[in-house]
Amino acid sequence: MYFMGTHTPKLDDKGRLILPAKFRERLAEGLVVTQGQEKCLDVWPADVFMAEAARAESRGMTSRMGRDYARMLFARAEQGTPDKQGRIGLSQPLRDYASLERDVVVVGAMDRVEIWEPSRWREYCASAEEKFAALDEERLTGPPA
């Protein structure tokens, strides 16, 4: 199952987020929240995070890029499970990293969920939509064989 769609829930006073209903089943067995690459948060199903961790490990620790990626992926990673109401807690350090206050944007991003501060999401979309419109098949898959 891929995560799809854009949702606009709010964080409660304790920093908890109610996950969109259609995301809950896939995340019910466990999840990992960590910092994303564009100052958003990534919410991974636990099994997908473990596969990503294995991929990071395969890059090796002798490569600076591999070490940097592993550090950022794991440094603020937090495991959890949604509660009975479908809520997950977001720690203060993670909220600070992504500049999250009350309003958030939750985006399905194929194998993970992303949590964005709304103005950052709008800025990202404005930039990415032009690039998306300019994509062509050759750039996505490479030249024909």
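Sorting 84-97, 104-117, 54-67, 28-41 by their mean Cβ neighbour count within 10 Å, with the most densely packed peptide first, gives 104-117, 28-41, 84-97, 54-67. Taking Lys and Arg as +1 and Asp and Glu as -1, the other residues whose beta-carbon sits under 12 Å from that of Val48 total -2. Normalised by 2.2 N^0.38 Å, where N is the number of residues, the C-alpha radius of gyration of the chain stands at 1.12.
Rounded to the nearest 20 debye, the dipole magnitude of the chain is 400 debye, with +1 charges on Lys and Arg beta carbons, -1 on Asp and Glu beta carbons, and the Cα centre as origin.
Only the coordinates and a few stated rules stand behind these numbers; no lab work does. Everything numeric in this text was worked out from a predicted model, so none of it was measured. Cβ sites come from the backbone with ideal geometry, for glycine too, and all protein chains shown count toward neighbours.
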